[in-house]
Amino acid sequence: MNDTLRVMNKNILFLQLEIIRDCPPHMGMCLFVDDLRTSGVNCDTYIINAHYIDEIIPLIRKGNYSLICLDSVFTIEIIALLEKEFSDIPILVGGINALALLVHTNIQYAVFGPGRAAISAFVQEFYGSKNFHTVPNLFFKNGNQILYSGETQHWDLTRELFPYVPFLDWQYIGPDRNPKANYIDISIVAGTGCPYANSTLSSSHFAMNDIFNELGYKASDAALQRLEEIFNRKRHGCSFCIFQYQEFTSHSAEDTIELLFKQALHLYKKYQTTSFHIQTENPLPFLYGFITALLNSNIRLQKLSIRTRPDLLLLHRDKLKSCLALARDNDFHLSIEEIGFESFVDDDLNTFNKNTDSTINRDALKLLQDVKKDFGKQVSVDVGHGIILFHPWTTLKSLTENLQFISKNTDIFPQLFLGSLVLYSEFLPIYPKITREGLSQKSEYGYGLTFKIKDDLAKKAYDLYEILLMHFGGNISSEAYLKSLELIGNHSIEQILKEIFCLVPLQEN
């Protein structure tokens, strides 16, 4: 163990944000924590629900922490709160959105890319000589200058995952939680990035210096070179998606099966885990072989969760049905989740650069309905699919058309969810188009950026939805909201709230 670490005996706090209720801890941090604990570093680990963030404050005060490590789903307002309360504790953020948080907050350190070696090296230098130029994949600040270590480590899943001894015993702050949630639906990693993201040369090229000057930063030569490699490399992908910047890794089906099996076997033996969430955008080519490997090893499989694109779902429909036949014969459950439909209107899909059309989306939805009919309890088809109905160019017509279709397919979309475009950073291909049309806005919330809706009636519909969301949460019927859209042109929001939702504004004294 490093002598400096032994003498200083510093404590590190790892925080993950609970976005989905009962979600287990993200795997990357679990591996980092085990490495550090093995080396003698004390690490406290918490999953925290965003609505309970105030409750972590007294715990941090008592913890005598010298470093806070966050994953990059934390929003700017939460980070600002932590910085206000603990301005003397540096923050390190890691993950796909780490660079956006670095430039939009006072965070000092960000790891972008494979993090396992980076975190171990960073901690050693943080408590040692602070020579951060030896730390791979690290961006850091010196005043208003963005620096890069100059050491880049690319994705190698074997190196990143093994030795595979993830620490899963995280504490929790939030509402009631399944006491076994940390050990259910655990992510096992089959690849990184999206296969679509590497298909062609992107049409978006970002002027790095201009962006950083606008943000009030200067970037070192090493930082600029690495930023060029990340954001201006050969890539494609959906215009709103930050995962196109993550390197795409793909292995043969045989190698992928072995990689997944090692992870699943460890989790089964140590934690009796029998439900897994496979992390890749294209699971169907190897899924049958992986399931077979699990069954042949007498792992009592209960559930597998997968995600993919509509076009890939259709391309591999026969493989999907073969896997579902295995599920039926061996009494386990396959959950098909997070399918990126985004919209059922072609203009939207073109704006999002989905490289598809509404017919493919509708065919994929029909396939989900067919497999649900054929395989019943062995399959779920209604979990968290991607929908973006509000964006800068939403029209009342597109919003109504989407909602009319969604409301007729409640077996796939059981709740009214009017997803809104999330702007994670200036480095999204959709962002230059938004700024050219004067539709971008800075924000102290989310990830620092938001947008205006160009169409007045669509903007009014969005304002109405925001009010309904505040009052009713997700408990809004599609029929009631569609009725609102019929009235939106000739009625005020106050009239609609009163007539349809029985909400009457309080009279001011």
Notebook entry, point to check: Mind checking whether some residue in region 114-132 is in a strand (DSSP E or B) and either open to solvent by 40 Å² or more (accessible area, probe 1.4 Å) or touching a Ser or Thr at 6+ places or on another chain (Cβ under 8 Å) (or both)?
Noted result: no
Notebook entry, point to check: For Asp363, are the conditions met, namely being in a strand (DSSP E or B), open to solvent by 10 Å² or more (accessible area, probe 1.4 Å), within 25 Å of Gly237 (Cα to Cα) and touching a residue at least 24 places away in the same chain (Cβ under 8 Å)?
Noted result: no
Notebook entry, point to check: In region 472-502, what residues are surrounded by 15 or more Cβ atoms within 10 Å (Cβ to Cβ) and modelled with pLDDT under 90?
Noted result: Ile476, Ser478
Margin query: Any residue in region 449-477 that is within 21 Å of Ile406 (Cα to Cα) sitting within a Cβ distance under 8 Å of a residue that is among the hydrophobic types (A, V, I, L, M, F, W, C) and open to solvent by 50 Å² or more (accessible area, probe 1.4 Å)? List the pairs, counting only those 6 or more apart or interchain.
Written below: Gly474/Phe417; Ile476/Leu469
Checklist line | Count of region 237-263 residues which are open to solvent by 40 Å² or more (accessible area, probe 1.4 Å), of a type outside the set (A, V, I, L, M, F, W, C) and modelled with pLDDT under 95 | finding: 3
Note to self: Taking the condition of being farther than 17 Å from Gly446 by Cβ and either free of Cβ contacts under 8 Å to residues at least 24 places away in the same chain or part of a strand (DSSP E or B) (or both), how many residues in region 62-83 meet it?
What the structure shows: 6
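Tell me the helices (runs of 4 or more DSSP H) entirely within region 213-315 that contain at least 3 residues that are under 24 Å from Leu421 (Cβ atoms).
Values: elements: 221-231, 253-271, 284-296, 310-315.
Answer list for region 213-315: 221-231, 310-315.
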Checklist line | The lone exception for Glu437 - which of (1) modelled with pLDDT of 90 or more; (2) surrounded by 14 or more Cβ atoms within 10 Å (Cβ to Cβ); (3) under 26 Å from Asp348 (Cα atoms) it fails | finding: (2)
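Give region 93-107 a look and list any residue that's more than 14 Å from Asn137 (Cα to Cα) and open to solvent by 20 Å² or more (accessible area, probe 1.4 Å), or say none.
Here is the first cut: in region 93-107, the residues more than 14 Å from Asn137 (Cα to Cα) are 100-101, 103-107.
The answer is His104, Asn106.
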Check: What number of residues within region 376-385 satisfy the criterion of being surrounded by fewer than 19 Cβ atoms within 10 Å (Cβ to Cβ) and either part of a strand (DSSP E or B) or touching a residue at least 12 places away in the same chain (Cβ under 8 Å) (or both)?
Finding: 5
Notebook entry, point to check: How many residues does region 150-168 hold that are open to solvent by 50 Å² or more (accessible area, probe 1.4 Å) and in contact with a Ser or Thr (Cβ under 7 Å, 6 or more places away or on another chain)?
Noted result: 2
Check: Within region 316-342, how many residues are within 19 Å of the chain's Cα centre (by Cα), without any contact (Cβ under 8 Å) to a residue 60 or more places away in the chain and assigned to a loop (DSSP other than H, G, I, E, B)?
Finding: 3
Margin query: If I go through region 392-408 residue by residue, how many of them are more than 12 Å from Leu482 (Cβ to Cβ) and either modelled with pLDDT under 95 or touching a Phe, Trp or Tyr at 6+ places or on another chain (Cβ under 7 Å) (or both)?
Written below: 1
Item checked: Residue satisfying all of: in region 298-313; more than 21 Å from the chain's Cα centre (by Cα) and open to solvent by less than 40 Å² (accessible area, probe 1.4 Å); nearest to Gln378 (Cα to Cα) among these -> Leu301
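Condition check ((1) in contact with a Leu (Cβ under 6 Å, 6 or more places away or on another chain); (2) at pLDDT below 95; (3) over 30 Å from Asn144 (Cβ atoms)) across all residues:
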site	(1), (2), (3)
Pro163	no, no, yes
Pro166	yes, no, yes
Asp176	no, yes, yes
Pro195	no, yes, yes
Ser204	no, yes, no
Checklist line | Ala50 being within 24 Å of Ala223 (Cβ to Cβ) and among the small types (Gly, Ala, Ser) | finding: no
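The values are calculated or read from the model by the stated rules, or taken from the named source; none is laboratory data. Just so you know, these numbers come straight off a predicted model, no measurement behind them. Don't worry about glycine lacking a Cβ; one is built from the backbone with ideal geometry, like all the others, and counts go over all protein chains shown. Ligands, DNA and RNA are excluded from the accessible area calculation, which covers all protein heavy atoms including side chains. Shrake-Rupley method; radii C 1.70, N 1.55, O 1.52, S 1.80 Å.
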